[in-house]
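Report on the following structure.
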Amino acid sequence: MKRIYLLLAIAFLCKSCQPAQEGNETNTSATSTVEGLDRTVLPIKEPTYPTSTELDARNAKAPPRFEVKAPEKAPNVVIVLIDDIGFGHSSAFGGPINMPTLEKLAANGLKYNRFHTTALCSPTRVALLTGRNHHVNNAGAIMELATGFPGNTGIRPNSVTPLAQILRMNGYSTAAFGKYHETPPWEVSVSGPFDRWPTGSGFDKFYGFIGGETNQWSPAIYDGVTRVEHKKDPNYHFTVDMTDHAVNWMQAQHSLTPDKPFYVYFATGATHAPHHAPKEWADKYKGKFDQGWDKLREETYARQQQMGIIPANAKLTPRPEEIPSWDSQSADAKKLFSRQMEVFAGFAEHTDHEVGRLVEALEKMGELDNTIFFYIVGDNGSSAEGGPEGTYNEMMALNGIPGNASQMVNHIDDWGSPNTFPHFAIGWAHAGNTPFQWTKQIASHFGGTRNGMVLHWPDRIKAKGEIRSQFHHVIDVAPTVLEAAGLPEPKSVNGVTQYPMDGVSMLYTIDDAKAKDRRTTQYFEMFGNRGIYHEGWVACTRHSIPWLLVENPPLDKDVWELYNIDEDFSEANNLASTNPEKLKELQEIFRTEAIKNHVFPIDDRRSERFNPAIAGRPDLLGPRKSLTVYEGMVGISENAFINIKNTNYTITADVEIPKSGANGVIIAQAGRFGGWTLYMKNNKLQHEYNFFGIEKTRVSSAAAVSPGPHTFKYEFLFDGGKPGAGGTSILYVDGKKVGEGKVPKTEPFAFSADEGIDVGMDGETNVSDDYREGDNTFTGKIQHVTVEVPPGK
């Protein structure tokens, strides 16, 4: 028996110590056969040991402990993803924003100038982290706009296992920091399920925010699945905080398990709106954008050509008529717009600085050379979601309410501060996407989908500072990582047959700048904007424009364009009229790809889909018209709460007032940039409706409330008509009306992307300036609070 155990031990040790595969292709059969472990089926099956007849353990030898380890010399993996930054923004790709960390990695690695995203955040992220197209992940748009159709349900199928899960099951430690935005909003509550949270998707550690954006000064943070408050520091900024946590985790992991590789997904909330930049970083760019967005495009274009980022024959595409010229703006507007871009530039450089701290930590750990490091400069093109003139509060734009420069000039000095939730004007977005047409959300053109990417891996990449121009897409990152680690793509995970990855590894490009493209076809679609790349050609049609609040044309009436991008880098020469046969050929290829990937039926709606009833997606509360919540329930997401927008509703609270009187918040939703709050001050009942931070309506009881038990009621009577109409606010104490006021208008579709509902306090930013941030806990006792909307709503 001892001999059998000894043979098993020798066999196991020999099988678990083979080196990672190198070369251009992952050798699945070699990985399985040479190691003796079938890594195509996860989790890896444990060995079966013979039974023992020995009575006394002291007379027996234990078999080797089964432990899954990564292939020997498998590298660490770091994926950095910056949010909402364009191809022409960073200095590494010819832009005006100084990003020295990106430049440093590029100088010791490779720049990819034909790398693509999906044109929007959630879709890009699921594609990046799974290696499958976004519709295969059921993420046809952001999670908050999920519908009932396959391709858009918001539910990642079990047949699509994320890269993090694959690596974790193969012996990696895994962690994610920053923005996630892949969890269906109706699953963001204490009730879960947590399968599609980061820690349910293969990450051992998560520290960041779940939704699409957050206030960088007062973020809504989760540690794992637990809501936590950020540390109270007057200099606090979330990008710094997430970097601190990422560095600490890497150091601890490496200290305890130095032979175990790690995978870090570092996805900043920056540079997505709100553009929150420390003032000293924004001030570094004072006066540097006074020339305006049109001139900035020309300057960036010239630098790109000089640096070889774009070919010498690449053309600068003209500004679309839907984007206003700089010269047409007033002098006061130009001052505002210049500051908008200064703040954005400072925001981006500050972000790159924090990535630099991550890189520095890897260097000090001695792990940078053995780390395959992807620095992806944008999850889509630069964002035009701020509208023609930008907005001091981005939530207004997301609700279909454009900003007006005359209303924002008083915010020039504090633009980017905690007093603003800003986004710049569309002209800056267009300039940031130089030399291409259009912007984020417009998946038909490269202004929405082409982003710079730097690949750094000194142990493997011998070329330094070179450019690679093979056509690639975010779905190609996961296969690249697997090949680098010497791991096969799994065929089965947890008993579920896997949908094959759509991506192809990019490692073949490392040693050969002129290697033939291995990605020959790729579809694009977002809100009806669609295109197809095939063997050097692109056919596309721009169906909708994010900032134009107009009815879109019928999808079958869209006008298609045709570009030979092997000769026309920037899509400047439309060949549709001169080569109709080629256009027709590519349109058929798009249709084939669209059907295969569940792109059809196409849904071009935007703001309306924030309403689950309109969109046809699950609603956590279903048909319920009443919800009772309790003291201590904080951070309830908007999608896990009764929808009180555009309807009558009541809020009833049973409370106990102490003899000393009561102050503080009973229940509040959202924060400084829009929301509502029911609270007490100086023992009087108060309600305030905050319309996007620009118009506030407060109703108060005239007399103080006596000590003892009471029933408070707030009633809102909606005026009716179009979404966002006003209504009447009424306060009651024990059934008696004690206050009334008129709310001129209400927020039509969404209060906040991150701040939720708090019972017994108002976390993150405060809805009302009538009480203090971080010091507004209700000093009485709340039995329960019931929110109700009428039947049939």
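The values are calculated or read from the model by the stated rules, or taken from the named source; none is laboratory data. None of the values given here were measured: they were computed from a predicted structure. FYI the Cβ positions are ideal-geometry reconstructions off the backbone, even for glycines, and counts take in every protein chain you see. All accessible areas refer to the heavy atoms of the entire protein, side chains included, with ligands and DNA or RNA removed. Shrake-Rupley method; radii C 1.70, N 1.55, O 1.52, S 1.80 Å.
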Task: Listed pairs 659/684; 286/440; 684/736 exceeding 19 Å between Cα atoms - done: 286/440
Task: Accessible area per residue, Å², the chain with all protein chains present, probe 1.4 Å - done: 37
Open item on the list: Straight-line reach from residue 260: which lysines fall under 23 Å, measuring Cα to Cα and dropping same-chain residues less than 8 apart?
Closed with: 15, 45, 69, 73, 205, 364
Open item on the list: Below 8 Å, C-alpha to C-alpha, sequence gap of six or more: please give me the relative contact order for the chain in percent.
Closed with: 16
TODO: Indicate the gyration tensor shape class of the range 471-555 (rounded, prolate or oblate), computed on the Cα atoms with a ≥ b ≥ c the square roots of the eigenvalues: a/c under 1.5 is rounded; otherwise a/b larger than b/c is prolate and the rest oblate.
DONE: oblate
Task: Net length gained if the chain between residue 740 and residue 59 were fully extended (0.36 nm per residue, minus Cα distance) - done: 236.6 nm
TODO: Under a cut-off of 13 Å between alpha-carbon atoms, report the aspartates and glutamates in cross-link reach of residue 464, not counting same-chain residues fewer than 8 places apart.
DONE: 103, 511, 512
- [ ] Quick one: compute the contact order of the range 597-698, relative version, from alpha carbon pairs under 8 angstrom and 6+ residues apart, as a percent.
- [x] 13
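Ordered by packing density, taken as the mean number of other Cβ atoms within 10 Å over each peptide's residues, highest first, how do 742-749, 198-205, 221-228 rank?
Descending mean neighbour count gives 198-205, 742-749, 221-228.
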- [ ] Just the number, please: carbon plus sulfur as a percent of the accessible area of the range 454-573, 1.4 Å probe, no ligands or DNA/RNA counted.
- [x] 48
Open item on the list: Please state the shape class of the chain: rounded when a/c is under 1.5, otherwise prolate if a/b exceeds b/c and oblate if not, all from the C-alpha gyration tensor.
Closed with: oblate
Task: At q = 0.24 Å⁻¹, base-10 log of I(q)/I(0) for the range 197-292 (Debye sum, equal scatterers on each alpha carbon) - done: -1.34
Open item on the list: If the reach is capped at under 20 angstrom between alpha carbons, list the lysines near residue 596, excluding any in the same chain fewer than eight residues apart.
Closed with: 491, 584
Task: Neighbourhood charge, 14 Å Cβ-Cβ cut-off, centred on residue 640 and excluding it, Lys, Arg +1 and Asp, Glu -1 - done: -4
Task: Cα-Cα separations in the range 726-781 greater than 13 Å, expressed as whole percent - done: 74
TODO: Could you state, as a whole-number percent, how many of the C-alpha pairs of the range 450-492 are farther apart than 15 Å?
DONE: 55
Task: Largest-first principal axis extents, alpha carbons of the range 164-244, Å - done: 42, 29, 18
Open item on the list: Under the rule a/c < 1.5 gives rounded, and otherwise a/b versus b/c splits prolate from oblate, where does the range 295-441 land using the Cα gyration tensor?
Closed with: oblate
